[in-house]
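In what follows, a structure is listed as structure tokens, so that the remarks can point back to it.
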Amino acid sequence: MNLKIETPDEVLVRLRKPSLEPVNEFRLQQDDWLILCGGFEDRALAVLRDAISHQSRLNVLLVRYQPAVHENKNDAVADICRGANVVGIDYDRQNPQGFGIRLMEILSTCRGRVFVDVSAMSRLLIVQILVALGTRQQGFFDCTVAYTEACEYPPSESHANAELARSAADPTLSILFLSSGVFEITILPELGSIAPAAAQTRLIAFPSLDAHHLTALQNEIQPSRLSLIEGIPPNFANRWRRELIAEINGIHRIRDAELCATSTLDYRETLENLLRLYQKYSLNERLVVSPTGSKMQSVAVGIFRSFISDVQVVYPTPQGFCSPDKYTHGIGQSYALHLDLLSPPARGAVEGDQQLSATAS
């Protein structure tokens, strides 16, 4: 018997990471739960519509954003789910503390699988849900992340270049693509760090179209060190967005910033980089992660934090949002990420090369 005690990061490194699989349908059963947000993007209800078309009597946990946005599709969820058990839970963006506990109370009677549709979720909400699920006794067993791409991701290249030119001509003008201002840097006790205070703090962030997010994080956290994870869109036609984001955030002018790049779709690349940064710096630095990247990069942060409890997660909560027509349009490919491989009994002590098998649906 070869009994070895592994640290949480060693466990996560060793585990085989499930791939994000393209799917044409979602077949849920009566005891399954689908967690989703009725956001205002076209893709917000794609998974729900497909699941209901195959099984009308399932359980739907509708996360309702507060403060409410008129264009959100909460009413449409009720219309679609006439035969389903729909349970609503409010999520206050400006005070999200304890949401994971309330979520687990609702799911305590769940006898089936849990599907988390992240397509219309905020980045912090994705992390909170995954950490709540991943830190249960059964971990991610019977949990699946569902995700639907959009067909179009504004802004267009021509519009982005026009905004850059306008800002260059008048530096007092802010470029606002998705949100405006930062309400506050949200720091939640449930996503805090158990690590003792270190002499230096390293901020790990994801530059985005909302350049004021990175500025607010740096001003509030006052990090000694900075690691930035740039996003690489899977569609080559959108690769120009990486340079746009770098330009509006001025990341190449940030002194001593460590830069790396990962796919905005394949969460495994981001998870691998987070583990690399943790193993490289956590012994001497306090690590703070802000999930300001893509939805699937945020999934990676959620998985990472569910294993690694001595890393703090913070988030620049937006003050307001731009018009819904400035967000994504259309419904693209859907994906499923089955998280069973990342479940106990792989945590803690492991014997030999014990592996977990995925549960396919």
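Here are a few things to note about the model shown:
- Yes/no for Glu157 being of a type outside the set (A, V, I, L, M, F, W, C), over 23 Å from Ser290 (Cα atoms), modelled with pLDDT under 90 and touching a helix residue (DSSP H, G or I) at 6+ places or on another chain (Cβ under 8 Å): yes
- Search result, residues across region 18-61 that are part of a loop (DSSP other than H, G, I, E, B) and among the aliphatic types (A, V, I, L, M): Leu20, Leu28, Leu58
- Region 145-160 residues that are more than 28 Å from Val114 (Cα to Cα), paired with ones that are outside any loop (DSSP other than H, G, I, E, B) (beta carbon under 6 Å, 6 or more apart): Glu152/His329; Pro154/Lys326; Glu157/Trp240; Ala160/Leu244
- Failed item in (1) surrounded by fewer than 22 Cβ atoms within 10 Å (Cβ to Cβ); (2) modelled with pLDDT of 90 or more, with Val127 passing the rest: (1)
- Test: residue in region 39-53 that is free of Cβ contacts under 8 Å to residues at least 40 places away in the same chain, among the acidic types (Asp, Glu) and on the phi < 0 side of the Ramachandran plot: no
- Some residue of region 190-205 being closer than 15 Å to Arg123 by Cβ, at pLDDT below 95, among the aliphatic types (A, V, I, L, M) and crowded, with 20+ Cβ neighbours inside 10 Å: no
- Exactly one residue out of Thr215, Thr262, Thr270 is hydroxyl-bearing (Ser, Thr, Tyr), crowded, with 18+ Cβ neighbours inside 10 Å and part of a helix (DSSP H, G or I), and it is Thr270.
- Checked against (1) among the aliphatic types (A, V, I, L, M); (2) out of contact with any Pro (no Cβ under 8 Å at 6 or more places or on another chain); (3) in a helix (DSSP H, G or I), Leu226 meets all criteria but (3).
- Residue within region 1-8 that is touching a residue at least 40 places away in the same chain (Cβ under 8 Å), on the phi < 0 side of the Ramachandran plot and under 18 Å from the mean Cα position of the chain (by Cα) present: no
- In region 282-289 there is no residue that is out of contact with any Cys (no Cβ under 8 Å at 6 or more places or on another chain) and in a helix (DSSP H, G or I).
The values are calculated or read from the model by the stated rules, or taken from the named source; none is laboratory data. No experiment lies behind these values; they were computed from the predicted model shown. So basically every Cβ, Gly included, is an ideal-geometry build from the backbone, and we count neighbours across all protein chains shown.
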